[in-house]
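Working notes, structure below.
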Amino acid sequence: MTVSHLEASHLEASRFEAPELATPPTATATGTAVRGRVRTWTPVCAYTDLLPERGACALVDGHQIAIFRTFDGALYAIGNRDPFSGAYVLSRGIVGTRRGEPTVASPMYKQVFSLVSGVCLDDPEVSVPVYAIRLNDGVVEVGR
């Protein structure tokens with residue numbers, strides 16, 4: 001597991017930004033849309049390395065996973081591959097909400113994906129994988 005080299009400099013720089021949001025939330029896990037049982041948790045970065053409303057990409061067991069921290073402190077993890085373009089870019093998408101549901105819009109063709117279920121809200125027949133994610137003693141971990 002590693003944070004991608006593209007994200008490393010971004011994460012390093014984030015240590016000095018948004019100090020008022022540096023305290024992790026009390027909730028310790030999200031990713032309830034994940035089916036099956038989590039077998040292993042892989043640490044990917046410190047919670048404070050993630051900027052609110054921005055994505056980061058982590059390589060976990062050979063899979064690119066887009067990780068997001070929202071303004072309310074919640075964490076989400078989805079597959080980084082945009083199924084419409086085939087590019088691994090969802091971590092670079094625009095974070096927002098649609099009808100109260102946290103979302104990310106692909107930077108390629110702008111389809112919007114739910115961060116909770118992974119379903120494309122513009123084409124419900126298409127989805128991306130959703131991964132379990134939790135906060136463990138200030139460290140963000142992704143479950144597989």
Residues with amide H under 5 Å from that of Ala132, placed H, sequence gap 5 or more: Gly143
Note, ³J(HN,Hα) from phi for the stretch 50-62, Karplus 6.51, -1.76, 1.60, rounded to Hz, x at Gly and Pro: 8, 7, x, 6, 10, x, 9, 10, 10, 9, 10, 6, x
Placed amide H near Val140: partners under 5 Å, 5+ positions off or other chain: Val44, Cys45, Ala46, Tyr47
Centroid-to-centroid separation of the stretch 108-127 and the stretch 43-69 [C-alpha atoms, Å]: 19
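No lab work stands behind these numbers, since they all come straight from the coordinates. If you're wondering where the values come from, they're calculated on a predicted model, not measured in any experiment.
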